[in-house]
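These notes concern the structure reproduced below.
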Amino acid sequence: MANSTVRLSQKEQWRTILEGQKVHAKKEYSVNLKRRRKLLSQLKSMLMNHEEAWLEALRADLGKPSVEAYASELAVLYNEIDYVDKHLAKWMRPKRLTRLLPGGLEKVKIERQGYGTVLIISPWNYPLNLSLMPMIGAFAAGNSCFLKPSELARTTAQLLEELLSEYFTPEEVTVVQGDAFVAENLLKLPWDMIFFTGSKRVGTIVHQAAARHQIPIILELGGKNPCIVDATGVSPTTARRIVWGKFLNAGQTCIAPDTIYVHQSMYQPFLTMLREQIKLFYGMNPAKSSDYGRIAHPGHYNKLIGYLQEGTIWHGGRIDASQNYIEPTLLTDIPLNSELRQAEIFGPILPVIPYSDLDALMHQLEEGPDPLVTYMFSEDRTSIQQLKKTQRTGAISVNQVIRHAANPRIPFGGVGTSGFGRYHGQASIEAFSYEKVYYKEHSIFEMKNQYPPYRPHVLPILRKLRRWLF
Ligand code: NAD
């Protein structure tokens with residue numbers, strides 16, 4: 001199928017599969033934990049049996065070094081599957097409540113139910129992780145799903161389609177490849193839930209589609225993540241962690257430190273530490289390093305090289321359009337009104353800005369977009385407390401970058417402009433299911449006074465006995 005055309009017959013085919021998925025999810029998974037756990041183990045086998053093919057696809061799409069691809073795409077998925085599988089029975093156990101009433105007994109059972117069918121739309125930067133991580137939650141909570149992977153990570157999208165259709169039936173999961181036009185057509189179908197990871201602009205379109213169908217949605221959007229390094233936080237270890245987190249996947253990571261704010265007393269020494277660390281990781285010419293990735297597509301590359309003009313290149317800055325290559329770059333002297341100060345960079349360009357007053361900096365950050373995560377490197381407890389109290393952000397990570405997102409015990413997601421909803425581990429179960437209530441009353445006698453016509457003495461009695469009656 002051509003990317004930008006959707007035949008009517010194709011749409012009808014999706015609709016038929018979708019209807020089949022709804023019936024299937026209701027019949028097979030609504031109470032059957034065994035079936036859901038089997039889906040998780042099939043997913044794990046699909047990854048493990050073809051590990052080399054996944055690594056190869058990620059290298060083809062993004063030039064990802066195998067160690068990075070394994071750590072940030074495969075290993076996190078294995079850990080998530082293992083963790084969810086281990087705890088699923090406990091998380092799904094119904095809650096039971098019993099209460100004595102004046103006329104009898106009230107019994108309540110609250111059970112988690114999957115929504116039915118979930119549409120997952122994923123981006124290109126972690127094309128495997130961000131396609132399957134939500135799928136793990138969707139399966140575990142009792143749903144079937146459609147996946148629309150990014151057309152800009154073509155090799156991975158193709159492999160996802162081939163292997164998911166080999167390991168699963170269309171009623172369990174169906175992959176639809178294509179661009180924005182295809183995605184917009186998918187959005188017209190009657191999903192029970194949508195899970196979207198991508199840009200704020202497209203997130204708005206997807207949010208509107210969910211509103212039209214009045215269905216739940218989770219939006220995992222972009223993050224302009226500040227990283228504050230105060231005078232107590234400056235060290236080679238800090239530089240190492242920041243350089244790793246920023247230039248991983250050539251900066252195309254939603255939780256990468258976007259901009260560094262360093263206390264002015266340590267500004268020059270820290271710039272030097274960052275530069276030395278870049279050299280230690282990627283050598284004098286990172287273009288030759290097998291450990292450094294590339295920009296995923298020319299459109300994004302062109303946007304990024306525009307950013308290089310918005311400040312002074314303190315280190316790096318070499319580019320090669322034939323390879324979509326941008327050297328790990330440290331940028332200084334960036335004007336307050338430049339686009340670089342407002343927009344998510346999402347590439348290997350690291351603005352390093354000095355600050356003198358932490359209060360003023362925090363105030364300034366509060367005025368900006370809501371980050372997915374705010375980083376701080378500091379040994380000063382008062383400053384850390386202040387950050388915790390003042391910032392509206394999806395997460396706060398102190399003295400480390402990226403790692404909070406790899407732990408299945410920690411809910412992941414944004415706030416405001418960086419999205420809403422949480423997933424990973426137990427948070428995924430809550431995201432992809434709802435609490436269905438079963439209520440039963442065992443009455444010994446009927447309190448007739450509760451029914452009309454209401455007698456005058458009923459209200460004073462209700463007031464007195466409210467606590468025992470309701
Ligand atoms: P994007 O929004 O351009 O595309 C994401 C997906 O949406 C793709 O599959 C694309 O085909 C589809 N799409 C495009 N136009 C559409 C439309 N009109 N209707 C429906 N779907 C449409 O994002 P991207 O460029 O692939 O990814 C980069 C962005 O994703 C960055 O902003 C990054 O921060 C964000 N991101 C967020 C997270 C997170 O967990 N919060 C993770 C990774 C990336």
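At-a-glance table
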| item | result |
| --- | --- |
| For the chain, with +1 on Lys and Arg beta carbons and -1 on Asp and Glu, the positive-most of 66, 33, 14 along the dipole | 33 |
| Listed residue (274, 352, 263) projecting farthest to the positive dipole end of segment 226-413, Cβ model | 274 |
| Ellipsoid equivalent to segment 90-148 - semi-axes via the Cα gyration tensor, in Å | 39, 10, 8 |
| Accessible surface of the chain, 1.4 Å probe, proportion on carbon and sulfur as whole % | 54 percent |
| Residue-normalised accessible area of segment 301-425, given per residue in Å² at a 1.4 Å probe | 45 Å² |
| Over the chain: helical MRE at 222 nm, DSSP H runs n ≥ 4 each giving -39500 (n - 2.57), nearest 500 | -12500 deg cm²/dmol |
| Lysine pairs within segment 226-413, Cα separation less than 30 Å, 8 or more sequence positions apart or different chains | 8 |
| Cα-derived Rg to Rh of the chain, Kirkwood definition | 1.06 |
| For segment 368-376, 3J(HN,Hα) per residue [Karplus equation, 6.51 cos²θ - 1.76 cosθ + 1.60, θ = phi - 60°, Hz, x = Gly/Pro] | x, x, 6, x, 6, 8, 10, 9, 9 |
| Alpha-carbon Rg/Rh ratio, for segment 54-159, with Rh computed the Kirkwood way | 1.22 |
| Cross-link reach list, lysines versus residue 188, counting only Cα pairs under 19 Å and skipping chain neighbours closer than eight places | 11, 22, 148 |
| Pairwise label distance in nanometres, residue 467 with residue 9, each label 7 Å out on the Cα-Cβ vector | 7.1 nm |
| Probe 1.4 Å, accessible area per residue of segment 221-260, Å² | 20 Å² |
| Pair residue 180, residue 305: separation of 7 Å Cα→Cβ label points (nm) | 2.3 nm |
| Values of log10 I(q)/I(0), in the order q = 0.11, 0.15, 0.20 Å⁻¹, for segment 143-276 under a Debye, Cα-only, solvent-free model | -0.60, -0.82, -1.13 |
| Beta bridges by DSSP in segment 226-413, antiparallel share as percent, to the nearest 5 | 25 percent |
| Test item: Cα-centred dipole of segment 399-446, Lys/Arg +1 and Asp/Glu -1 on Cβ, debye | 360 debye |
| Reachable aspartates and glutamates, given that their alpha-carbon falls under 17 Å from the alpha-carbon of residue 107 and they are not under 8 places away in the same chain | 435, 441, 446 |
| Translational D in µm²/s for segment 15-92 (Stokes-Einstein at 25 °C, 0.890 mPa s, Kirkwood Rh from C-alpha pairs) | 169 µm²/s |
| Linear extension gain, residue 287 paired with residue 237, 0.36 nm per residue minus alpha-carbon span | 15.6 nm |
| Under 18 Å from residue 90, Cα to Cα: lysines that are on another chain or at least 8 residues apart | 34, 38, 109, 436 |
| FRET efficiency, residue 313 to residue 420 (Cβ-Cβ, R0 30 Å, nearest 0.05) | 0.25 |
| Heavy atoms of residue 155 accessible to a 1.4 Å probe, total area in Å² rounded to 10 | 60 Å² |
| Kirkwood hydrodynamic radius of segment 226-413, Cα pairs, Å | 16.7 Å |
| Extension gain from residue 67 to residue 446, taking 0.36 nm per residue of separation minus the Cα-Cα distance | 129.6 nm |
| Normalised alpha carbon radius of gyration of segment 354-470 [divisor 2.2 N^0.38 Å] | 1.89 |
| Student exercise, the chain dipole from Lys, Arg, Asp, Glu Cβ charges, in Debye to nearest 20 | 2560 debye |
| Dimensionless Rg/Rh of segment 312-351 - Kirkwood Rh, Rg from C-alpha atoms | 0.99 |
| Dipole moment magnitude, nearest 20 debye, segment 226-413 about Cα centre, only Lys, Arg, Asp, Glu C-beta charged | 640 debye |
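The values are calculated or read from the model by the stated rules, or taken from the named source; none is laboratory data. The shown structure was predicted, so the numbers you read here are calculated from the model rather than taken from an experiment. For neighbour counting, all protein chains shown are included, and Cβ atoms are generated from backbone atoms with ideal geometry for every residue, glycine included. These accessible areas exclude ligands, DNA and RNA; they are computed on the full protein's heavy atoms, side chains included. Shrake-Rupley method; radii C 1.70, N 1.55, O 1.52, S 1.80 Å.
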